[in-house]
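Colleague: Right, I'll just put the structure down here and ask away after.
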Amino acid sequence: MIFGRSERGKPPVEPVTLKILVAGGFGVGKTTLVGAVSEIRPLRTEELLTEAGRPVDDTSGVEGKHTTTVAMDFGRITLREDLVLYLFGTPGQERFWFMWDELSEGALGAVVLADTRRLQDCFAAVDYFERRSLPFLVGVNCFEGAARHPAEDVRRALDLDVDVPLLMCDARDRQSVKEVLVGVVQHAMALAADRRQTVTT
């Protein structure tokens with residue numbers, strides 16, 4: 001292989017880089033999702049849960065959780081030679097929501113992770129992206145032991161618009177997470193194409 005050129009003798013491709021947010025409630029699996037697909041060692045800003053935070057950090061349903069993201073998780077995945085995604089996991093607790101505006105700057109779209117045992121915890125993320133017209137997809141993280149509900153039942157419970165994609169996923173599984181990420185990119189691109197067509201007609 002000649003330095004700076006691909007094996008076929010073509011100039012190296014300059015990849016398009018896209019920013020995707022991963023949001024959702026406390027303990028829903030955002031850090032796990034980023035770590036499952038990142039091709040670099042993920043940057044994590046986790047701190048141990050403390051007694052002082054117990055009154056504001058609701059750990060019901062996730063009693064085994066001992067750490068929490070206090071700033072963001074960061075990872076990177078190359079979907080194709082010409083497409084790289086930068087993943088930014090947002091903190092889940094309400095006291096860190098002030099960071100969402102900063103993290104969402106320049107994002108193509110978002111994944112809202114949901115846990116059917118604590119669906120109400122993702123309402124804030126759904127509302128946030130709806131208000132800002134940022135394309136998003138809901139990924140239902142299928143935890144072991146949690147009841148499995150039909151996708152349409154979850155969609156109704158979240159009161160999602162009909163055009164918002166909803167996928168069942170496993171935040172620990174690389175292939176499952178890749179399908180979610182491909183889904184949010186396709187959704188965002190389709191919405192962008194629709195907007196362009198509306199402007200030109």
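The values are calculated or read from the model by the stated rules, or taken from the named source; none is laboratory data. Note that this is a predicted model, so its numbers are computed, not measured. So basically every Cβ, Gly included, is an ideal-geometry build from the backbone, and we count neighbours across all protein chains shown.
Colleague: For Arg54, are the conditions met, namely being at pLDDT below 75 and assigned to a loop (DSSP other than H, G, I, E, B)?
Modeller: yes
Colleague: Of the residues Leu113, Leu137, Leu103, only one is over 15 Å from Thr32 (Cβ atoms), surrounded by 14 or more Cβ atoms within 10 Å (Cβ to Cβ), modelled with pLDDT of 95 or more and within 15 Å of the chain's Cα centre (by Cα); which?
Modeller: Among Leu113, Leu137, Leu103, only Leu137 is over 15 Å from Thr32 (Cβ atoms), surrounded by 14 or more Cβ atoms within 10 Å (Cβ to Cβ), modelled with pLDDT of 95 or more and within 15 Å of the chain's Cα centre (by Cα).
Colleague: If you don't mind, another one. Is it the case that the stretch 140-160 has a residue that's of a type in the set (D, E, K, R) and under 23 Å from Asp73 (Cα atoms)?
Modeller: no
Colleague: Let me ask something additional. For the stretch 140-156, check the following and say yes or no: at least one residue is buried (at least 19 other Cβ atoms within 10 Å of the Cβ), in contact (Cβ under 8 Å) with a residue 24 or more places away in the chain and under 19 Å from Leu191 (Cβ atoms).
Modeller: Checked the stretch 140-156: no residue is buried (at least 19 other Cβ atoms within 10 Å of the Cβ), in contact (Cβ under 8 Å) with a residue 24 or more places away in the chain and under 19 Å from Leu191 (Cβ atoms).
Colleague: Return only the number of the condition from (1) in contact (Cβ under 8 Å) with a residue 60 or more places away in the chain; (2) over 30 Å from Pro12 (Cβ atoms) that Asp127 does not satisfy.
Modeller: With respect to (1) in contact (Cβ under 8 Å) with a residue 60 or more places away in the chain; (2) over 30 Å from Pro12 (Cβ atoms), Asp127 is out only on (1).
Colleague: Tell me, please, whether a residue that is surrounded by 14 or more Cβ atoms within 10 Å (Cβ to Cβ) and either modelled with pLDDT under 90 or aromatic (Phe, Trp, Tyr) (or both) can be found in the stretch 77-86.
Modeller: Yes, the conditions are met somewhere in the stretch 77-86.
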